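S.K.: Below is a structure I'd like to ask you about.
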Amino acid sequence: MVVKLQRPILVGGLGLSFSLWILQSWHHSIVQLSEFGLLSALAVGGGLWLFQQNRPKRSLDKLDGMPTDRATVESAIAKAETVINQLAQEAENHVALAALREQVAQLVLELDRQEIKLAVTGGKFVGKSTLIKVLSNWQQGIQQKVSFYETAPLFTEVDERSHTAALVEMNHSDFVLFLTNGDLTDSEFQTLQQLKSANQPTILVFNKQDQYLADERASVLLSLKQRMENNVVATAASPVPIKVRKHEADGSVQEWMEQPASDIQQLTQQLSEVLLQQGQYLVWATTFRKARLLKAEAKNLLNGTRRDRATPVIEQYQWIAAAAAFANPVPALDILATAAINAQMVMDLGNTYQQKFSLEQAQTVAGTMGSLMVKLGLVELSTKAVSTVLKSNAITFVAGGVVQGVSAAYLTRVAGLSLIEYFEQQEIAIASDSNLNLDKLPQTLHKVFQQNQQIAFLQGFVKQGVKRLLPEAQQVELVGAQKAIG
Ligand SMILES: Nc1nc2c(ncn2[C@@H]2O[C@H](COP(=O)(O)OP(=O)(O)OP(=O)(O)O)[C@@H](O)[C@H]2O)c(=O)[nH]1
Ligand SMILES: [Mg+2]
């Protein structure tokens, strides 16, 4: 949208160098909240953070916060499907649709999976492969079908990606055996915490216990139990051979090396109990986790397409607000009342996010946002920032209209982006009701404001705003005039 305005204002060249002052006084309040989409969050830890609530006290207890019946899992799958259908409706040719639908079909099949998937993980050389070999023998003697999966060794290098991949593998398994060879390192402890907050059933396995003397072994085990709420077993998957010495009756001594049998009895006993009592729940829980991840992935894609549609809408209203405030400058605090938050924008954005509400409701939202922005001091801050950007250039005076215009545009933008963020948090329901719960709005506003406060962004924004408000030719003329005077 091009705003045609007929107000000649003397504005000098606008080289947008920022003064030290603004750097110093703003620096502390600039929170670099890097925007991370859900997808990247999914990558970081397989969406582990999604399941922060209701951690189980012990992984072997009933899985708190996890489904205890099939219907709950089915409904989680249905919810993921609802979001996918919504995506199909709003972006019928979306490239991800086929893959998403395929995943739904997979999840339905997973519900009846008979085989329990066990992930064996831990640092390098802790005995993962050896343990799997020994457990495979044990597994032949039990009824439950079990498959073992060895993750890449953790904590080997600073390679975030392989660590993340390992976490995703664990998240897709029903149960995790986490191996350590002694007291926990910090990184081991952190990974265990991550698994715990992902509601991932885990046993900590203290392997190679044969390397310790009896009393040391006991104290390591005790310390592990204290940190892991008792959910620890000690094993020796492949103890080192020991020297056996035999004194014969005739006084001669015979010596030979003997390979002690592997000692995994504590572990197999725990595992048997888990498989027997929880086998079915474990499969449901895994399917449930996957369904929630799938839903999050679909929602992220849906929000992406909606954001693409919403951004130009915000921009349009942003420049409308700028033009209005520029043409009719009012005291800073009135900017909002007159121009910045347009109820029509609230409605348009709501439409994009399938949140339909009446004009009255939209007006309420606009009004609420306006007074919040005043209360949070955002109006003052942005007016100050905008005029500082303008003043910090060769300009000795700035016509009020420009400051007002650019500020109004800026506030409109913050309001629009906050609304988007707010709408994105809403549950995708089949029939979305228009229940407006604006409790979270102040936080969202504040966050979005801070995100858009970065100096580089502000400089660019002011520059763009001035360009919009003052026709090109006029600016050139003014620069020329100023040069002539100076
Ligand atoms: N003393 C002792 N050694 C063990 C035990 N379990 C495994 N080992 C030895 O530890 C070494 C590493 O075992 P692996 O099973 O290959 O360990 P891993 O964790 O699979 O190693 P990576 O896959 O390379 O990370 C081997 O030499 C094993 O024989 C144990 O209980 N006691
Ligand atoms: Mg191995």
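The values are calculated or read from the model by the stated rules, or taken from the named source; none is laboratory data. Here the structure is a predicted model, which is why all the values come from computation and not from measurement. Methodologically, a virtual Cβ is constructed for each residue, glycine included, from the backbone with ideal geometry; neighbour enumeration extends over all protein chains shown.
S.K.: Loosely packed, with under 15 Cβ neighbours inside 10 Å and in the same structural domain as L204 (by TED's automatic domain parsing), is that true of N93?
M.R.: no
S.K.: Just to be sure I understand, how many residues within region 167-211 are without any contact (Cβ under 8 Å) to a residue 12 or more places away in the chain and acidic (D, E)?
M.R.: Number satisfying all stated conditions: 1.
S.K.: Residues that are within 16 Å of ligand 2 (Cβ to nearest atom) and out of contact with any helix residue (DSSP H, G or I) (no Cβ under 9 Å at 6 or more places or on another chain), at least 1 per element: which helices (runs of 4 or more DSSP H) completely within region 61-154 meet that?
M.R.: Per the criteria, 128-139.
S.K.: Which one of the conditions (1) at pLDDT 95 or above; (2) under 25 Å from L224 (Cβ atoms) does V104 fail to meet, given that it meets all the rest?
M.R.: Single failed check for V104: (2).
S.K.: Of L97, L111, which residue is without any contact (Cβ under 8 Å) to a residue 24 or more places away in the chain and either at positive phi or out of contact with any Gly (no Cβ under 9 Å at 6 or more places or on another chain) (or both)?
M.R.: The conditions single out L97.
S.K.: Yes or no: Q280 assigned to a helix (DSSP H, G or I), farther than 30 Å from V346 by Cα and out of contact with any Ser or Thr (no Cβ under 7 Å at 6 or more places or on another chain)?
M.R.: yes
For (1) within 12 Å of ligand 1 (Cβ to nearest atom); (2) under 23 Å from L192 (Cα atoms), each residue gets a yes or a no:
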position	(1), (2)
D112	no, no
K117	no, yes
V120	yes, yes
A166	yes, yes
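S.K.: K128: touching a residue at least 12 places away in the same chain (Cβ under 8 Å) and farther than 21 Å from V205 by Cα, yes or no?
M.R.: On the way: touching a residue at least 12 places away in the same chain (Cβ under 8 Å): yes; farther than 21 Å from V205 by Cα: no.
Considered against the rule, which asks whether it is touching a residue at least 12 places away in the same chain (Cβ under 8 Å) and farther than 21 Å from V205 by Cα, K128 comes out as no.
S.K.: With respect to the numbered conditions (1) exposed (fewer than 12 other Cβ atoms within 10 Å of the Cβ); (2) in contact with a His (Cβ under 9 Å, 6 or more places away or on another chain); (3) hydroxyl-bearing (S, T, Y), which one is the sole condition not fulfilled by S252?
M.R.: If we test S252 against (1) exposed (fewer than 12 other Cβ atoms within 10 Å of the Cβ); (2) in contact with a His (Cβ under 9 Å, 6 or more places away or on another chain); (3) hydroxyl-bearing (S, T, Y), just (2) comes out false.
S.K.: Let me ask something else. Determine, yes or no, whether S187 is within 27 Å of the chain's Cα centre (by Cα) and more than 16 Å from ligand 2 (Cβ to nearest atom).
M.R.: yes
S.K.: Which ones in region 128-159 are exposed (fewer than 13 other Cβ atoms within 10 Å of the Cβ), within 13 Å of ligand 1 (Cβ to nearest atom) and farther than 21 Å from P260 by Cα?
M.R.: Across region 128-159, the qualifying residues are T156, E157.
S.K.: Can you tell me which residue among T191, T164, T185 is of a type in the set (S, T, Y), farther than 17 Å from Q265 by Cα and surrounded by 23 or more Cβ atoms within 10 Å (Cβ to Cβ)?
M.R.: T191
S.K.: At pLDDT below 85, surrounded by 20 or more Cβ atoms within 10 Å (Cβ to Cβ) and in a helix (DSSP H, G or I): does that describe V402?
M.R.: In short, yes.
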